[in-house]
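Here the structure is laid out as structure tokens; the discussion comes afterwards.
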Amino acid sequence: MENKSPELKKQRMKLYSVVEEERIAIEGSEKYDVLLHSRRIELGLTMAQVAKLAGISLPQYQKFEYKKRSLANCSMRVGLAICAALKIDPRDLTY
């Protein structure tokens, strides 16, 4: 059993590392909704206008602002289209 203990520790540490990376990704993605909302308001746009400019449906865009979907997990096309509609540099969304 002692032989398995160091291996088990390695597996646990690897798992903790993956969990921590996911936590950081989730925390970073939670900031996107605030950025999207504030930028939209700053530009004087409605959600419907942003959705139309981005070429996506209103419900699809609303999911991003309402934290039901993350920009970190959407397609590149959708993410870049939203950035273009809101005049956001996509590099500002990296963490």
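Looking at region 67-95, I want the residues that are among the charged types (D, E, K, R) and have a partner that is surrounded by 17 or more Cβ atoms within 10 Å (Cβ to Cβ) and at pLDDT 90 or above with Cβ atoms under 9 Å, at least 6 apart or on another chain. Which pairs are those?
LYS87/ARG39; ASP89/CYS83; ASP92/CYS83
Working only within region 75-90, note down all residues that are touching a Lys or Arg at 6+ places or on another chain (Cβ under 9 Å) and more than 11 Å from LEU36 (Cβ to Cβ). Give the steps one after another, and end with the answer.
If we filter region 75-90 for residues that are touching a Lys or Arg at 6+ places or on another chain (Cβ under 9 Å), which is where we start, we get 85-88.
Scanning region 75-90 gives a single hit, LYS87.
With the requirement that a residue be assigned to a helix (DSSP H, G or I) and of a type in the set (S, T, N, Q), what does region 58-95 give you?
GLN60, GLN62, ASN73
For ILE56, state whether it is at pLDDT 95 or above and either closer than 23 Å to PRO90 by Cβ or in contact with a helix residue (DSSP H, G or I) (Cβ under 6 Å, 6 or more places away or on another chain) (or both).
So ILE56 passes the test.
The values are calculated or read from the model by the stated rules, or taken from the named source; none is laboratory data. These figures come from a predicted structure and were not determined experimentally. Cβ atoms come from the backbone with ideal geometry, glycine included; neighbour counts cover every protein chain shown.
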